[in-house]
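Asker: So that we are looking at the same thing, I have put the structure below in structure tokens.
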Amino acid sequence: MTSNLILFACGLAVIVCGLVSGVFLAFSDFIMKSLAAASPDSGIESMQLINRKVYGSVFLILLMGMAALSLVLSGYAYQRMSGSASGWIVVGGAIYFIGVFLVTIVFNVPMNKRLDMMDLAAAETATYWSTYVPTWTFWNHIRTFSAAVSSACFLIACLSL
């Protein structure tokens, strides 16, 4: 890859990580609090609808695309680059892949799928909701922070190139 292509890819990573972090921040800051403050049926149904609509969204394309870009950039930087920019790219990519992508796949998505399959009228659904909200939000905080830190790492890499 040429240095201009690396600079462009890192700049794109700064923007995408920032956008992903912003969406996660909105959920951690006020969306989940609002859903938790609503009646359990309303909060659960709203979250079920959100989780269904995320498939096919621009957000999902950015989330998944950045996972691939983080691996490509990190691998290239590790194998073919030297200097401080290389280290920042590797760290930024690793943080995004582990702290955003893997956390999403291992924690948030299984919780979303379980919630989606639950019957709103069932008592166990309201019980699950009471543990779902704080646990899901905890992992979402991790994703928010990880995406923001990744964005900063890629920005520092851009400035170092």
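Laboratory data are not the source of any read-out in this text; all were calculated from the coordinates shown. Just so we're clear, the structure is a prediction, and the values are computed from it rather than from any experiment. All Cβ positions, even for glycine, are placed from backbone atoms using ideal geometry, and neighbour counts span all protein chains on display.
Asker: Only one of the listed values, (i) 1.18; (ii) 0.95; (iii) 1.41, was derived from the coordinates as Cα Rg over 2.2 N^0.38 Å; which label is it?
Answerer: Here the calculated entry is (i).
Asker: For region 57-69, what does the Karplus curve 6.51 cos²θ - 1.76 cosθ + 1.60, with θ = phi - 60°, yield as ³J(HN,Hα) per residue in whole Hz, taken in order and with x for Gly and Pro?
Answerer: These are the phi-based 3J(HN,Hα) values: 8, 4, 4, 5, 4, 5, 4, 6, x, 5, 4, 5, 4 Hz.
Asker: Which whole-Hz ³J(HN,Hα) couplings does region 24-39 yield from phi under the Karplus relation 6.51 cos²θ - 1.76 cosθ + 1.60, θ = phi - 60°, glycine and proline marked x?
Answerer: So the Karplus estimates, Gly and Pro as x, are 4, 4, 4, 5, 5, 7, 9, 5, 5, 5, 5, 5, 5, 6, 6, 4 Hz.
Asker: In the Gaussian network model of the chain, springs joining C-alpha atoms below 10 Å, which of Ala26, Ala85, Ala94 carries the largest mean-square fluctuation?
Answerer: With Cα springs under 10 Å in the chain, the top fluctuation among Ala26, Ala85, Ala94 is at Ala26.
Asker: Would you mind getting me the FRET efficiency between Arg114 and Met64? Use the beta-carbon distance for r and R0 = 25 Å, nearest 0.05.
Answerer: Details: r = 21 Å, r/R0 = 0.85.
Efficiency, rounded to the nearest 0.05: 0.75.
Asker: In which sequence would Val109, Val58 go, from the one with the fewest C-beta neighbours within 10 Å to the one with the most?
Answerer: With the sparsest Cβ surroundings first, the list reads Val58, Val109.
Asker: Next question. So what are the ³J(HN,Hα) numbers for region 82-95, from phi and the Karplus equation (6.51, -1.76, 1.60; θ = phi - 60°), rounded to whole Hz, Gly and Pro as x?
Answerer: 9, x, 5, 4, 4, x, 5, 5, 4, 5, x, x, 5, 4
Asker: Name the residue, out of Leu120, Leu73, Leu19, whose mean-square fluctuation peaks in a Gaussian network model built on the chain with Cα pairs under 10 Å.
Answerer: With Cα springs under 10 Å in the chain, the top fluctuation among Leu120, Leu73, Leu19 is at Leu120.
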